[in-house]
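As structure tokens, the structure follows; a few thoughts come after it.
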Amino acid sequence: MPTTPIAPVRLTAGPLTLRPWTPEDAAVLAGLYEDEAMRRWASAPVHDEAGAARWVAEQRRGWETGERLAFAVEETEASDARPSGHVVLKRSIATAATAEVGYWTAAHARGRGVAPRALTALADWAFTTFAREGLTRLDLLHQVDNTASCRVAEKSGFVLSGLLPAAPPDFPLDGHQHIRQALRAT
């Protein structure tokens, strides 16, 4: 169960690097949240640089508790170094067998396959890293009207498994639950 710190790691996925968020990301993060789609779909919207700094600090605390392992996603071949997205593994202290993943893609990086590649890398890392603790399933949840998230889930190996009832304020509409199971060794 995630009650101990997890050492932050860097992952690669083709032309992507997944790295922990840093305080230096706050200004850029605030700019990314000027995008209407980011504000609409993000579960914890950022409104200014101070809010971005608090958000980054919260992501760093997640590594310290082992419950929320968040990565900034960068395109290593991009002309600028700003994050192109975010992926996160949310581990519950209640069960080691299941965890939840989340993600978003910055406006400047949409349509280039950033989210599916980053989410696949996160899932593969999670299943390998936490196999001894019993992790066998990852859940991806989104509102039913977020069709782009359905496409990302499918491209990342998550299968639609059911509908979830609305749970305002976090989920004001019904949702989809996608599941990816760990591959079993034969």
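The values are calculated or read from the model by the stated rules, or taken from the named source; none is laboratory data. All figures in this text were calculated on a predicted structure; none of them were measured in a lab. Neighbour counts run over all protein chains shown; Cβ positions are idealised from the backbone, glycine included. In case anyone asks, the SASA skips ligands and DNA or RNA and just uses the protein heavy atoms, side chains included. Shrake-Rupley method; radii C 1.70, N 1.55, O 1.52, S 1.80 Å.
So if I check each of Arg117, Arg82, which one is open to solvent by 60 Å² or more (accessible area, probe 1.4 Å) and more than 22 Å from Glu58 (Cβ to Cβ)? Just a single option satisfies the conditions, and that option is Arg117. Residues considered: Glu74, Glu133, Glu100. Of these, the only one that is crowded, with 18+ Cβ neighbours inside 10 Å and of a type in the set (D, E, K, R) is Glu74.
Can you pull out every residue in the stretch 22-32 that is crowded, with 19+ Cβ neighbours inside 10 Å and within 12 Å of Ser84 (Cα to Cα)? Correct list: Asp25, Leu29, Leu32. Restricted to the stretch 103-114, and to residues that are assigned to a helix (DSSP H, G or I) and open to solvent by 10 Å² or more (accessible area, probe 1.4 Å), which residue is farthest from Arg82 (Cα to Cα)? Looking at the filtered set, the residue picked out is Ala107.
Filtering the stretch 1-16 to residues that are crowded, with 17+ Cβ neighbours inside 10 Å and not in a loop (DSSP other than H, G, I, E, B) leaves Ala13, Leu16.
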